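Just so it is clear, none of the values below were taken in a lab; they were calculated from the coordinates. Since the structure is predicted, the reported quantities are computational estimates derived from the model, not experimental observations. Cβ: placed from backbone, ideal geometry, glycine included. Neighbour counts: every protein chain shown.
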Amino acid sequence: MLLEKCPHCNTSHVQTNEHQTYPFSGKPIEGNWVIVRCQNPSCNKLILVMMNNRGEISGIYPPGSYELDSTISINEEIRNDFREAGLCLAAGCYKASMVMSRRLLQRCLKDQGYEEYRLADAIDHAMKNGTLRKPFHEIATEVRHYGNFGAHPDDDQLATIGKDEASLIIDFSRLLIEEFYEIPAAAQKLRKNRQSPAVDS
């Protein structure tokens, strides 16, 4: 079995070996629990995977790591929202993950100085000021729509939405954090190293 990421070592597209399968039956999912082992030699740990009857992964335990670099200055609320969006995704709670990703988007924009009450206004203002690049503006608008769907059950347009959409949205959230925080931090580090006097060895 090929997993997008090992929840223990964070290796992307890790190959696993199947050890044991246990069928289960219950609402809303029926399928199998599959015990697999990460084939990264430095990890080699067991992973519990929930498979539905269509052969799709519905959940993984442990839920995986969604921690941001602790050495970079990032608002703690943003860290917590990203972590929760990721944990919801790994647990198969896709609507909850989308809502948390929308919340994360609004927090990131607010942290950049865009404090409009309506997220749509904050997104448009950020694009006009060049804070959001055009491709980011387009996907930020989609994140806003999907998050709104999740928060309004009377108009439940998330009935057919699942893992693929939630994964794309959290991937965008990760790119946004990289754009706003990690890249500036890397540039600052490079600038500091360049400007520091060389030390004779």
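Less than 13 Å Cβ to Cβ from GLY162, Lys/Arg counted +1 and Asp/Glu -1: what total charge do the surrounding residues give?
Values: positive: ARG54, LYS95, LYS163; negative: GLU56, ASP164, GLU165.
Spelling it out: positives minus negatives among the neighbours equals 0.
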Reach of LYS163 by Cα under 17 Å, taken over lysines that are not fewer than 8 positions away in the same chain: LYS5, LYS95
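Loop sites only, by DSSP: take the trypsin sites (Lys or Arg not before Pro) in the chain that have at most 16 other C-beta atoms within 10 Å and name the longest stretch containing none of them. Can you show the working numbers first?
Working: sites that count: LYS45, ARG54, ARG118, ARG133.
Value returned for the longest uninterrupted segment is 134-201.
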Ellipticity estimate at 222 nm from DSSP helix runs (n ≥ 4, -39,500 (n - 2.57)) divided over the chain, nearest 500: -14500 deg cm²/dmol
Approximate shape of the chain as ellipsoid semi-axes (Cα gyration tensor, √5λ), whole Å, largest first: 33, 27, 11
Positive-pole candidate from MET98, ILE72, ILE47, dipole of the chain, charges at beta carbon: ILE72
Total charge dipole magnitude, the chain, about the Cα centre, Cβ charges on Lys, Arg, Asp, Glu only, Debye to nearest 20: 480
Inter-label distance, nm, simple model (7 Å from Cα along the C-beta direction), THR11/ALA186: 2.3
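Can you tell me the dipole magnitude for segment 2-61 around its Cα centre, using point charges on the Cβ only (Lys, Arg +1; Asp, Glu -1), in Debye to the nearest 20?
Values: 5 positive and 4 negative charges, 22 e Å.
Roughly 100 debye for segment 2-61.
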